[in-house]
Amino acid sequence: MAHVIAVAGKGGVGKTTLCGMLIRYLCEKGKGPILAVDADANSNLNEVLGVKVNTTLGDVREEIARAEMSSENPIPAGMSKADYAELRFEDAIVEDDDFDLLVMGRTQGKGCYCFVNGLLQAQLARYQNSYPYFVVDNEAGMEHISRGVLPSMQTAILVSDCSRRGIQAVGRIAELIRECDMHPSQVGLIVNRAPKGELNDGIKEEIENQGLTLLGVVPQDDTVYEYDCEGRPTSSLPEDNPVKQALRAIVDKLDL
């Protein structure tokens, strides 16, 4: 069964950038093949990884859910809705050398999606036997995991910027994990974009107040900003980049 690593944090803290670097590093360490899942409604993990996405699971889900309501049913005659769903879910997988990517896509429109969500849940459960790791880039609410669409996680990595509000937001995510009885074997915090890679006393105090385990600190670095502005995948930063080095040191200490 796959080891599920969930990465979560409020928007704008660099969560997806670190998630992409984590995926690339695990691949470099020979941990692949990895299934990368972009479960954030604002999907851009593919840009960090440098791959193109044509179809999301949200697109497939809506297509199938509305198929029977349309005069132009896309499901071929003689094929069940379940078989067609499995075929289309396979189409949504973006394949790379050491990882595959699934983008969950937008939230649901009108209508009942229970049947299709059940198919998706069953399909992802089958994928667990094909990959040693799932790495899931979540939105702050971790909707897909808390609803059971994605498998339960073994490792939760919470990402915050270097602000009290960011740490408090991560504290609420940690509380959500406890309330939903997810029981990951390890939960920890990465503070991203810290000036000179250091935390001041106020942030240290807030981390303690929230009862969070600090995994490590990633420094602020202009190269990440430059790569993003130029449309270059930030997971391909130079080997000596301080952000990449800091994240690798953190990952090496995790039980993965």
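Listed by first and then second residue, the pairs linking a residue in region 226-245 that is more than 20 Å from residue 216 (Cα to Cα) to a residue that is in a loop (DSSP other than H, G, I, E, B), with Cβ atoms under 7 Å apart and 6 or more places separating them unless they lie on different chains, are 227/237; 233/50; 236/50.
Of the set (1) among the charged types (D, E, K, R); (2) surrounded by 10 or more Cβ atoms within 10 Å (Cβ to Cβ); (3) modelled with pLDDT under 80, all apply to residue 110 but (2). For region 41-77, the set of residues classified as modelled with pLDDT of 75 or more, touching a Ser or Thr at 6+ places or on another chain (Cβ under 8 Å) and open to solvent by 30 Å² or more (accessible area, probe 1.4 Å) consists of 43, 44, 50, 53, listed by residue number. Helices (runs of 4 or more DSSP H) fully within region 8-91 that include at least 2 residues being within 19 Å of residue 231 (Cβ to Cβ): 15-28, 45-49.
Annotation for region 131-153: at least one member residue is open to solvent by less than 50 Å² (accessible area, probe 1.4 Å), in contact (Cβ under 8 Å) with a residue 60 or more places away in the chain, aromatic (Phe, Trp, Tyr) and more than 19 Å from residue 247 (Cβ to Cβ). Here residue 176 qualifies as surrounded by fewer than 19 Cβ atoms within 10 Å (Cβ to Cβ) and aliphatic (A, V, I, L, M).
Checked against the criterion of being acidic (Asp, Glu), modelled with pLDDT of 95 or more and within 21 Å of residue 41 (Cα to Cα), the candidates 161, 137 yield just one match: 161.
The condition of being crowded, with 22+ Cβ neighbours inside 10 Å, farther than 30 Å from residue 194 by Cα, in contact with a Gly (Cβ under 8 Å, 6 or more places away or on another chain) and at pLDDT below 85 holds for residue 104.
The values are calculated or read from the model by the stated rules, or taken from the named source; none is laboratory data. Given the structure is predicted, the values throughout are model-derived calculations rather than measurements. No Cβ is skipped: glycine too gets one built from the backbone with ideal geometry, and neighbour counts run over all protein chains shown. Side chains are part of the model used for accessible areas, which takes the heavy atoms of the whole protein and leaves out ligands, DNA and RNA. Shrake-Rupley method; radii C 1.70, N 1.55, O 1.52, S 1.80 Å.
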